[in-house]
Amino acid sequence: MLVTGLGEGTNGAGPKASASAPNAVVIDTSSRKEVKQLNLGGGSEGILMDQEGSRAFVSVSGADKVAVIDLKSLSVVGEISPLAQPDGMAWAVRH
């Protein structure tokens with residue numbers, strides 16, 4: 001399974017973002033077919049999966065949040081906000 005961002009997302013009417021346009025897509029890597037499109041409410045940027053592979057965190061800069069996607073149900077299950085235009089992400093491990 002691959003989760004990828006579509007930037008601002010478009011509705012097929014040109015380069016401008018649409019509020020209802022999908023801006024993340026889930027692809028089955030074995031069949032190379034799109035499984036689902038997700039509207040995160042703004043342009044998607046960095047994507048990070050948890051260590052268990054059960055959730056993906058997608059920075060949504062235009063909406064000042066990080067969307068949390070459950071990878072089993074392929075649905076948005078939460079968000080972390082407010083943030084100031086989140087972009088790239090990385091895990092920080094405390095020792």
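Structural remarks
- Of the strands (runs of 3 or more DSSP E) lying entirely inside segment 1-70, none contains at least 1 residues that are touching a helix residue (DSSP H, G or I) at 6+ places or on another chain (Cβ under 7 Å), over 19 Å from A84 (Cβ atoms) and modelled with pLDDT of 80 or more.
- Remark: G41 falls outside the filter, which requires a residue to be free of Cβ contacts under 8 Å to residues at least 12 places away in the same chain and surrounded by 11 or more Cβ atoms within 10 Å (Cβ to Cβ).
- Taking segment 71-95 as the range and being assigned to a strand (DSSP E or B) and not hydroxyl-bearing (S, T, Y) as the test, the residues that pass are V76, V77, G78, E79, I80.
- Complete set of residues in segment 44-88 that are in contact (Cβ under 8 Å) with a residue 40 or more places away in the chain, farther than 23 Å from D28 by Cα and not acidic (D, E): G62, P86, G88
The values are calculated or read from the model by the stated rules, or taken from the named source; none is laboratory data. Note that the structure is a prediction, hence the values are computed from the model and not measured. All Cβ positions, even for glycine, are placed from backbone atoms using ideal geometry, and neighbour counts span all protein chains on display.
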